[in-house]
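Scroll down for the structure; my scribbles are underneath it.
Throughout, read-outs are computed from the coordinates displayed, never taken from laboratory work. The model shown is predicted, which means the values in this text are computed figures rather than measured ones. Cβ sites come from the backbone with ideal geometry, for glycine too, and all protein chains shown count toward neighbours.
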Amino acid sequence: MPQLLIILSPPRSFSSVVSTMIGQHPELYCFPELHLFVARTVGDILDREAKKGNYIGPPGVLRSLAQLHSGRQTTGTLIQAGAWLTDRRDWSVKALIDHLLDAVAPRVGVEKSPVTCMKSTFLGNAYADYPSAYYLHLTRHPLSTRKSMDEFFGERKQVKARAHRAGAFAFDHLVTWYRMHRNIYEFTARLQSTQIMRIKGEDLLSEPRRYLPQIAAWLGVSTDAGAINEMLHPERSPYACIGPPPARGGNDGKFMRSPALREGRLKEPLLHQYLESHDVDWLMGEDLSVLQRLGLEVMPGEAIAAEIQGLTERMGYR
């Protein structure tokens, strides 16, 4: 049985509900998003979070520490958790995660932070710290992911305007989907076959009673009816709700506002039909020229479309 299960996926890929469902198994424990593999020390994590306005630490880490140290999440226990973190700025990220794993032992820890999949360096950090961890590659159809990302980040024109003001590059979210899944495939190629499972989020949420026992068996935990039934209730997690200030996040907001599992067959769109009938704005022209001058990898729109279509089919979508 592994000590840690790490769920790999881009944002908006059902990862909050899926990870929480899995973590409700009596032999497992799902943390909220920890956002820890992006750096190597607690001090670096705190500095990184402060730039985003999280001045006492990542919300998911604070909520985990408050819950595990004090048995509850209140403004007071979250502030105490922040002070505890500050006192350990010199700790490695691994030391912090080990502390959380020790607190939930003998249960298997479950961690999902989509940001981990943004860079191969972050995935390498995860492997360097936990080479024996198990990894669940969670997928969602690219068009459904793109739509959800667009809804999350706002209207496309507004996103592009903000990106221009910030000096950022405005990629179509199909490219985001592609690049993050490509990172995951390249990373998992180094793993032993027993360490990795891939599953379509649409299948899992459409038929949880079929696929949850398969995940439990892969992890080496109980597959009895009682354990599987617990997994059908993500709303029972202490993190399946908006947290108190100063750590209201830690999971997808939409999930935290409505965490109960809603069963029913999820439809999958057809990517090739969409690409044939829509003119996708892969990358704004001025950004494309900047990337080329910097010597960074840039593919023409036709090549990107072909790559995305190929990866889509590899995952079992159309």
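Relative to the longest principal axis of the Cα atoms of the chain, the long axis of helix 208-219 makes an angle of roughly 70 degrees. For the pair Gln273 and Ser92, label points projected 7 Å from Cα toward Cβ lie 5.2 nm apart.
Remark: spin-label model distance Arg314-Arg182 equals 1.0 nm, labels positioned 7 Å along the Cα→Cβ axis. Distance between the pseudo-spin-label points of Glu302 and Arg198 (7 Å out from Cα toward the beta carbon): 2.7 nm. Please list, by residue number, everything in the stretch 233-255 whose backbone N is under 18 Å from a paramagnetic label point 7 Å out along Cα→Cβ of Ala103. Residues 237-251 qualify, since their backbone N sits under 18 Å from the label point.
Between 0 and 90 degrees, the angle of helix 42-51 with respect to the longest Cα principal axis of the chain falls at about 50 degrees. Remark: the stretch 78-91, residue by residue, has Karplus-estimated 3J(HN,Hα) of 5, 5, 4, 4, x, 5, 4, 5, 4, 5, 10, 4, 7, 5 Hz, where x stands for each Gly or Pro and the curve is 6.51 cos²θ - 1.76 cosθ + 1.60 at θ = phi - 60°.
The HN-Hα couplings worked out from phi for the stretch 177-186 by the Karplus form 6.51 cos²θ - 1.76 cosθ + 1.60 (θ = phi - 60°) are 4, 5, 5, 6, 5, 5, 4, 5, 4, 5 Hz, whole numbers, x standing for Gly and Pro.
Our Cα-only numbers for the stretch 48-163 put the radius of gyration and Dmax at 17.2, 49 Å.
Ranking request for peptides 85-95, 6-16: highest mean number of other beta-carbon atoms within 10 Å first, then the rest in descending order.
Packing proxy ranking, top to bottom: 6-16, 85-95.
Of the cross-linked pairs Lys52/Lys112; Lys94/Lys254; Lys112/Lys200; Lys147/Lys254; Lys52/Lys200; Lys200/Lys267, those separated by over 21 Å at the C-alpha level are Lys94/Lys254; Lys52/Lys200. Can you give the % of DSSP beta bridges in the chain that are antiparallel, to the nearest 5? Rounded to the nearest five, the antiparallel share is 10 percent.
In the stretch 1-122, what percentage of the DSSP-assigned beta bridges are antiparallel, given to the nearest 5? Taking every DSSP beta bridge with both residues in the stretch 1-122, the antiparallel ones total about 10 percent. Across all Cα atoms of the chain, the radius of gyration (one decimal) and Dmax (whole number) stand at 19.7, 59 Å. Take 19-25, 220-226 and order them by the average number of nearby Cβ atoms within 10 Å per residue, most first; the result is 19-25, 220-226.
Relative to the dominant Cα principal axis of the chain, helix 142-153 is inclined by about 70°.
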